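Take a look at the structure below.
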Amino acid sequence: MVQLVKPSMALQEAYMAFYREWIVCGEDIVPWVVGLDPSDFTAYIKQLNEAHKEENTPEGWVPHSTYWLLDDAGQVVGAANIRHRLNQKLLESGGHIGYGIIPSERRKGYAAQLLALSLQETDGLGIREVLVICDHDNIGSERTILRNGGQFESSFTEAHGNVVKRFWIHRV
């Protein structure tokens, strides 16, 4: 039984194990908020939990919420960052939901559960058309998006040459 939770001080040890695995593996960290330095954990939690407020949103950014996915043992195995609206950059290559599972926990169904739970959060925000994006060669993420109702719209080439696929998930 997995659960989606807001970041909290109580999960510091579990989160730091999650974070260290991302750093050691050397892969790009997804979602981007996991790559932020958590060495001042109190400040990190405050930053994550206040990012949904309009007054805390820097120019060019949008309000967003971060959640951690806990496995049945209470370990952080994934994270999601939900953007409350889209700007041009997010419309092209970021989407409403960025999510990631640490390498050691992939291929266990966590990504599909994380995306499904994240979609419940976008429902609560009143977002009925949800854009989810993955790298063009990330077959696992593409399958996860499709399993959650994603409909391919188009590809987009980012400024540095990376190609992403854009999917819309229509909510009722």
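Pick from region 46-59 the residues that are in contact (Cβ under 8 Å) with a residue 24 or more places away in the chain and open to solvent by less than 60 Å² (accessible area, probe 1.4 Å): which of them is farthest from Y99 (Cα to Cα)?
The qualifying residue farthest from Y99 (Cα to Cα) is N49.
Since G78 meets every condition but one in (1) in contact with a strand residue (DSSP E or B) (Cβ under 9 Å, 6 or more places away or on another chain); (2) surrounded by fewer than 22 Cβ atoms within 10 Å (Cβ to Cβ), which condition does it not meet?
Checking G78 against (1) in contact with a strand residue (DSSP E or B) (Cβ under 9 Å, 6 or more places away or on another chain); (2) surrounded by fewer than 22 Cβ atoms within 10 Å (Cβ to Cβ), the one that fails is (2).
Only one of (1) closer than 22 Å to E158 by Cβ; (2) in contact with a Lys or Arg (Cβ under 9 Å, 6 or more places away or on another chain) fails for K89. Which number is that?
Exception for K89: condition (2).
Which of the residues spanning region 26-45 are open to solvent by 40 Å² or more (accessible area, probe 1.4 Å) and more than 24 Å from S93 (Cα to Cα)?
Selection gives S39, D40, T42, A43.
Table: residues versus (1) on the phi > 0 side of the Ramachandran plot; (2) under 15 Å from the mean Cα position of the chain (by Cα); (3) of a type in the set (F, W, Y).
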site: L11; (1), (2), (3): no, no, no
site: V34; (1), (2), (3): no, yes, no
site: E50; (1), (2), (3): no, no, no
site: T57; (1), (2), (3): no, no, no
site: G60; (1), (2), (3): yes, no, no
site: P63; (1), (2), (3): no, yes, no
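What are the pairs, 6+ residues apart or on separate chains, where a residue within region 155-172 that is in contact (Cβ under 8 Å) with a residue 60 or more places away in the chain has its Cβ under 6 Å from a residue that is among the acidic types (D, E) and open to solvent by 40 Å² or more (accessible area, probe 1.4 Å)?
F156/E92; V164/D135; R166/E153
Looking at region 111-137 only, could you name the residues that are buried (at least 20 other Cβ atoms within 10 Å of the Cβ) and of a type outside the set (V, I, T)?
A111, Q113, L114, L115, S118, L119, L131, C134
The values are calculated or read from the model by the stated rules, or taken from the named source; none is laboratory data. Please read these numbers as outputs of a predicted model, since none were measured by experiment. Glycine gets a Cβ as well: all are built from the backbone with ideal geometry, and neighbour counts include every protein chain shown. Note: accessible area is taken over every heavy atom of the protein model, side chains too, but ligands, DNA and RNA are not part of it. Shrake-Rupley method; radii C 1.70, N 1.55, O 1.52, S 1.80 Å.
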